[in-house]
Amino acid sequence: MDVQTLLLPIADDMRGLDAVIRERLASEVALINEIGGYIVSAGGKRLRPALVLLVARALEAPDTGVARLLAAVVEFIHTATLLHDDVVDHSDLRRGRKTANAVWGNAGAVLSGDFLYSRSFQMMVAAGEMEVMRVMADTTNAIAEGEVLQLMNAGDPDVDEARYLRVIELKTAVLFRAAAELGAISAGVGPEQYRRLGDYGYALGIAYQLIDDVIDYTAAPEISGKAVGNDLAEGKPTLPLIYAMRAGSSDDAALIRVALRDRRVGQLQNILEIVERTGAIPYTRALAEAHAGQARLALNGLAASPYRDSLFQLTEFAIRRVS
C-alpha cells in the first residue's frame, strides 16, 4: 500500500494541515517566505503530522482544529531538523532536489530552521495545553542531543549497535512518539492512554529509521532521492555497516573502518558486496520488523475504526517501503 492510500481516512485533515502550514509560515521577511514555500512544495510523506491526525481521529478528538495545529507543529519541528541536518552534513540533495542550503547558503537555511522552531512554539502556546509544551520541550531537547551525538559518532568506526540505536532513538523515534502523544492529548485522554500511543510512535520511529538506513545501501538514487552510500560519504556508522564489520572477516572490517573514518566512497562497490555477503541487510530488516511488531502491540485496546486500521498499516509501510 502506498502512503497516499494509507492516509485516505484523513485526506480532509491533511488538506487542512496544508492550509495551516501555509498560513503559519507567513513572515514579513521575504527570504523566510521564499525558503518556506520551497520546503512546502518539496512535498514528502508527512508521516509525522499524519500520525498526530490519525491518533486524534482514532480517539474521536473534537474537531476544533487543535489536532491540525499540533500536526503543523510537528511538521515544522521536523523540517527545522532537516534544514539543520543538511547544513551539518553538507548535503546538497534531498528528495531528488537541491537542499535549501545548496540554494540559499548555510546561513539562510540555519536561520530559517530557527524561525520554524520559534514559530512552532508560538503555535503550541496557541493550543493552550501545558502538556503539549512539556512533550515538545522534552522532544526538541532530545533531538538536539541526538544531533550532537551523531556528530560525535561521525567517522568513528568503533560505534557499536547500542550507540547507533541511541542516535536513532533521539533523532527519529522521539518525534514519532511526540506526534502520537500530541494526537492523543488533543483528544483529551489520560496520561496512561497517550503514553501507550506514544510507545506505538516510538517503536514505529525506530522501525522507520532502520529501514531508512537500509535504503541508503539498497535503493536506486532515482527512487530514494539521494546517492547510494550517502551515509558512508558522511561517515555515518549505521547498522548495515556496524553489523557487516561484526560479521565479516578482519579484512572486511578493516576496509569498512578506513572508509568510515576517511569518509571515502571509492570502495563503495566492495563495501556493498560485504554488506550483502554478511547478511547485514536482513539483520537490520529483522530488527525493524521486531519494532514494528511492538508498535502493533501498543495499539491493543484501541477501538476499531478506519483510523486504527491506518495506524496498523503504517507499521507495514514503514518496513516494506523502498524510498
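Ranking of Thr140, Thr64 by neighbouring Cβ atoms within 10 Å, starting from the fewest: Thr64, Thr140. Counting beta carbons within 10 Å around each of Leu25, Leu93 and listing the fewest first gives the order Leu93, Leu25.
Each other residue within a Cβ distance under 15 Å of Leu25 adds +1 if Lys or Arg and -1 if Asp or Glu, for a net charge of -1.
Of the residues Gly155, Ala107, Ala179, the one whose Cα sits farthest towards the positive end of the charge dipole of the chain is Ala179 (charges of +1 on Lys and Arg Cβ, -1 on Asp and Glu Cβ, taken about the Cα centre). Length available on full extension from Glu60 to Val125: 0.36 nm per residue minus the Cα-Cα distance, which gives 21.1 nm.
Dividing the summed helix terms, -39500 (n - 2.57) for each DSSP H run of n ≥ 4, by the number of residues in the chain produces a 222 nm estimate of -24000 deg cm²/dmol to the nearest 500. Here region 68-82 is scanned for amide nitrogen atoms under 13 Å from the site 7 Å beyond the Cα of Leu151 along Cα-to-Cβ, giving none. Here the Karplus relation 6.51 cos²θ - 1.76 cosθ + 1.60, evaluated at θ = phi - 60°, turns the backbone of region 69-75 into coupling constants of 4, 5, 5, 5, 4, 4, 5 Hz, with x for every Gly and Pro.
In order along region 152-163, the Karplus-derived 3J(HN,Hα) couplings, from 6.51 cos²θ - 1.76 cosθ + 1.60 at θ = phi - 60°, round to 5, 7, 4, x, 9, x, 8, 4, 9, 4, 5, 5 Hz, and Gly and Pro are given as x. Charged side chains reduced to their Cβ positions (Lys and Arg at +1, Asp and Glu at -1) give the chain a dipole of some 300 debye around its Cα centre. Stretching Asn106 away from Arg320 to a fully extended chain increases their span by 73.6 nm, per 0.36 nm per residue minus the current alpha-carbon distance.
Footprinting exposure proxy ranking of Tyr117, Tyr194, fewest other C-beta atoms within 10 angstrom first, gives Tyr117, Tyr194. Taking label positions 7 Å along the Cα-Cβ direction at both Ala19 and Asp262, the computed distance is 5.7 nm, reported to one decimal.
Read-outs throughout are calculated quantities, based only on the coordinates presented, and are distinct from any laboratory measurement. Everything numeric in this text was worked out from a predicted model, so none of it was measured. Because the Cβ atoms are built from the backbone with ideal geometry, glycine has one as well, and the counts that use them run over all protein chains shown.
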